[in-house]
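Some notes on the structure that comes next.
The values are calculated or read from the model by the stated rules, or taken from the named source; none is laboratory data. Remember, predicted model here, so these are calculated numbers, not experimental data. Cβ placement follows ideal geometry from the backbone for every residue including glycine, while neighbour counts extend to all protein chains displayed.
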Amino acid sequence: MFLGRRQEGNHELAAIKVMLADLAKEAHFVQMFADEAKLLGRLDHKNISKTLEVGHANHMGYIAMEVILGRTLADVWEAARAAEKLLRFDVAAWICMEVARGLHYAHELRGEDGKPFDLIHRDVNPSNIFLGYDGTVKLFDFGLAKTQGKVAQTASGIVKGKVPYLSPEQLVQLTLDRRSDIFSLGTTMWELTTLSRLFKRDNDLDTIRAIRDSEVPDPRVLVDDYPDELWSIVRRALETDRDKRYPTAKELADDLEAFVKNQGTTDLTPFVGALLDHHFPGERQKQVDWLERTAASPVIKNVRTMEPPAPIPSVPSLRIGDISMPLDLVRRKKITAPKPG
């Protein structure tokens, strides 16, 4: 991933995704990259990373995406786990609600002919969810997404996605639908609200067995004051029988929104940046300074920019709000769940 800039107009910055030179020699990977670029060009939703441009330069395909400053949800999970402080339940539910909104949009996507893409992300997990200092919550990395119009197809016997977040139907290679992504988001919700790992074990084989058995511990036993209403939502998202699962991500998002409102809050956007400030003090300004220095530097062809102070995946807006709020974003009680496997 590179940081690029338009050479004309407003010199807009973008995160540039290109293929590795050795992969560019493989027809299958070239087609996968082309499929991803075609798909990303059609996605336009506030909870999905935005693509600015796709094209070719120097015989190399590229995807130019917006840049956002912040951290992945996986980073936040690790920091919260290390501090032994749970996120507030409404904040965790809000983040997952925003992801579900983006997922539903992607699942409903249609082509110019009006036919559904039947898009399935296949890799929903905390590493592919980005939280911005401006309060945005974005789902990104559709490189493994499955659609009807995709040219490069997955070979039989190959399972794609991060193993601890696979759905049971992915393991047995049933024909997938949107409910597979809902299960993966359910796993993410369970882990975010307990700060424990759900299915991950010491090796992939044991992890696969855990997903196959789908024994989901009741978080109310693990975490003090875990809300019954939230557990009902998480449990339904994690139903092994997908006919009992949420049929759409919209219905999941609606239930999460109702839970958040019942907690006495509505718009938790400002809390996202404050949450990052809580777990990564001082990093916001470091990222802003880095981006400003990079934007002000002269354009030198074929020279890589300086490394950012923290990983900055391709995602949304460069606008950084000054959110400095004395918010109690974490619950002070230590969790009673076991350490992650």
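What's the number of the only condition in (1) touching a Gly at 6+ places or on another chain (Cβ under 8 Å); (2) in a helix (DSSP H, G or I); (3) at pLDDT below 95 that Gln173 fails to meet? Going through the list (1) touching a Gly at 6+ places or on another chain (Cβ under 8 Å); (2) in a helix (DSSP H, G or I); (3) at pLDDT below 95, Gln173 breaks only (2). Residues of region 191-224 that are of a type in the set (D, E, K, R) and more than 19 Å from Glu239 (Cβ to Cβ): Arg197, Lys200, Arg201, Asp202, Asp204, Asp206, Asp224.
The selection criterion, being aliphatic (A, V, I, L, M) and closer than 20 Å to Ile129 by Cβ, holds for Leu192. Considering (1) at pLDDT 95 or above; (2) closer than 22 Å to Trp77 by Cα; (3) outside any loop (DSSP other than H, G, I, E, B), the lone condition that Phe271 does not fulfil carries the number (1).
Counting residues in region 176-190 that are at pLDDT below 90, within 22 Å of Gly41 (Cα to Cα) and in contact with a strand residue (DSSP E or B) (Cβ under 9 Å, 6 or more places away or on another chain) gives zero.
In region 194-213 there is no residue matching the filter, namely being of a type in the set (Ser, Thr, Tyr), under 25 Å from Leu119 (Cα atoms), within 22 Å of the chain's Cα centre (by Cα) and crowded, with 18+ Cβ neighbours inside 10 Å.
Only residues that are crowded, with 18+ Cβ neighbours inside 10 Å, over 19 Å from the mean Cα position of the chain (by Cα) and of a type in the set (A, V, I, L, M, F, W, C) were counted in region 227-273, giving 4. Report yes if some residue within region 183-197 is among the acidic types (Asp, Glu) and in contact (Cβ under 8 Å) with a residue 40 or more places away in the chain; otherwise report no. Yes, region 183-197 contains at least one residue that is among the acidic types (Asp, Glu) and in contact (Cβ under 8 Å) with a residue 40 or more places away in the chain. Among the residues making up region 76-90, a single one is free of Cβ contacts under 8 Å to residues at least 12 places away in the same chain and of a type in the set (Gly, Ala, Ser): Ala82. The condition of being without any contact (Cβ under 8 Å) to a residue 40 or more places away in the chain and out of contact with any Asp or Glu (no Cβ under 7 Å at 6 or more places or on another chain) does not hold for Asp224. Here's a check for you: in region 70-87, which residue that is more than 20 Å from Arg284 (Cβ to Cβ) and either at pLDDT below 95 or in contact with a His (Cβ under 8 Å, 6 or more places away or on another chain) (or both) is surrounded by the most Cβ atoms within 10 Å (Cβ to Cβ)? For region 70-87, the residue satisfying everything is Leu86.
Scanning region 142-164 for residues that are surrounded by 16 or more Cβ atoms within 10 Å (Cβ to Cβ), within 22 Å of the chain's Cα centre (by Cα), of a type in the set (S, T, N, Q) and modelled with pLDDT under 90 turns up at least one hit.
Checked across region 50-69, the condition of being modelled with pLDDT of 90 or more, crowded, with 24+ Cβ neighbours inside 10 Å and outside any loop (DSSP other than H, G, I, E, B) holds for no residue. Would you confirm, using the coordinates I've provided, whether Arg42 is modelled with pLDDT of 90 or more and outside any strand (DSSP E or B)? Here the answer is no, as Arg42 does not meet what is asked. For region 105-119, the criterion of being closer than 23 Å to Val260 by Cβ, hydrophobic (A, V, I, L, M, F, W, C) and either buried (at least 24 other Cβ atoms within 10 Å of the Cβ) or modelled with pLDDT of 95 or more (or both) is satisfied by at least one residue. Phe183: within 27 Å of Ala82 (Cα to Cα) and assigned to a helix (DSSP H, G or I), yes or no? Yes; evaluated as a whole, the condition is true for this residue.
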